[in-house]
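Shown next, in structure tokens, is the structure this report addresses.
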Amino acid sequence: MHRIHRPVSRALAAGALSLALLSAGTAGAFASEARPTPAPSSPRPKPSPSMSAMGSITIKASKTSVKAGDPVTFTGRTQGLKIGTPLVLQHQNHGKWIPLRASVKVKNGSAYSLTAKINTKGTEHLRIAAGRTHSPTVTVKVN
């Protein structure tokens, strides 16, 4: 009789467990049907091209104050850009970024070094750009 009791108790336990699982699944189904799913109000925003997934560029100017026509060397590293990617020096003019006639390509080790002469007197806001990826701005005062 001891052997019959064990299979019966196993069958009862399995039945109770199955019933509990089915009840929980049915309750969840009723709960999810009770609330209508909201329609999306607008599509998800596209990631900004300047995000780190697109790449990044660092910049450092060799001098922060120069005489007009003196050379300034800009160095830095890139991340997420292929070796050989062209980099262009840009300056800000009336809120717009204008490319200058100074460019270089990304070297092995993802580094670059670019020397340019700045002729316009005043405070220049400069950056390095590769397409839509750009470095932070550096300021050079030209006397």
> Within the range 49-57, can one find any residue that is out of contact with any His (no Cβ under 7 Å at 6 or more places or on another chain), small (Gly, Ala, Ser), modelled with pLDDT of 95 or more and open to solvent by less than 30 Å² (accessible area, probe 1.4 Å)?
Replying inline: no
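Restricting attention to the range 105-118, and to residues there that are open to solvent by 80 Å² or more (accessible area, probe 1.4 Å) and in a strand (DSSP E or B), which single residue is nearest to residue 60 (Cα to Cα)?
Step by step, filter the range 105-118, then rank; the result is 115.
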> Across the range 124-143, what is the total count of residues that are closer than 15 Å to residue 79 by Cβ and at pLDDT 95 or above?
Replying inline: 7
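Results for (1) open to solvent by less than 30 Å² (accessible area, probe 1.4 Å); (2) under 21 Å from residue 54 (Cα atoms); (3) more than 21 Å from the chain's Cα centre (by Cα), shown as yes or no for each residue.
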{"residue": "82", "(1), (2), (3)": "no, yes, no"}
{"residue": "91", "(1), (2), (3)": "no, no, yes"}
{"residue": "103", "(1), (2), (3)": "no, yes, yes"}
{"residue": "120", "(1), (2), (3)": "no, no, yes"}
{"residue": "128", "(1), (2), (3)": "yes, yes, no"}
> In the range 130-143, which residues are among the polar types (S, T, N, Q) and either open to solvent by 60 Å² or more (accessible area, probe 1.4 Å) or within 15 Å of residue 71 (Cα to Cα) (or both)?
Replying inline: 137, 139, 143
> List pairs: first in the range 62-73 and of a type in the set (Asp, Glu), second assigned to a loop (DSSP other than H, G, I, E, B) and open to solvent by less than 40 Å² (accessible area, probe 1.4 Å), Cβ under 9 Å, 6+ apart or cross-chain?
Replying inline: 70/118
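Being open to solvent by 30 Å² or more (accessible area, probe 1.4 Å) and part of a loop (DSSP other than H, G, I, E, B) is the filter; apply it to the range 61-80 and report the residue that is farthest from residue 116 (Cα to Cα). Spell out the reasoning first.
Step one: filter the range 61-80 for residues open to solvent by 30 Å² or more (accessible area, probe 1.4 Å), giving 62-65, 67-68, 70-71, 73, 75, 77, 79-80.
Adding the requirement that they be part of a loop (DSSP other than H, G, I, E, B) leaves 62-64, 67-68, 70, 80.
Numbers: 62: 11, 63: 11, 64: 13, 67: 13, 68: 11, 70: 8, 80: 25 Å.
Per the criteria, the residue is 80.
The values are calculated or read from the model by the stated rules, or taken from the named source; none is laboratory data. No experiment lies behind these values; they were computed from the predicted model shown. No Cβ is skipped: glycine too gets one built from the backbone with ideal geometry, and neighbour counts run over all protein chains shown. Calculation scope for accessible area: heavy atoms of the full protein, side chains included, ligands and nucleic acids excluded. Shrake-Rupley method; radii C 1.70, N 1.55, O 1.52, S 1.80 Å.
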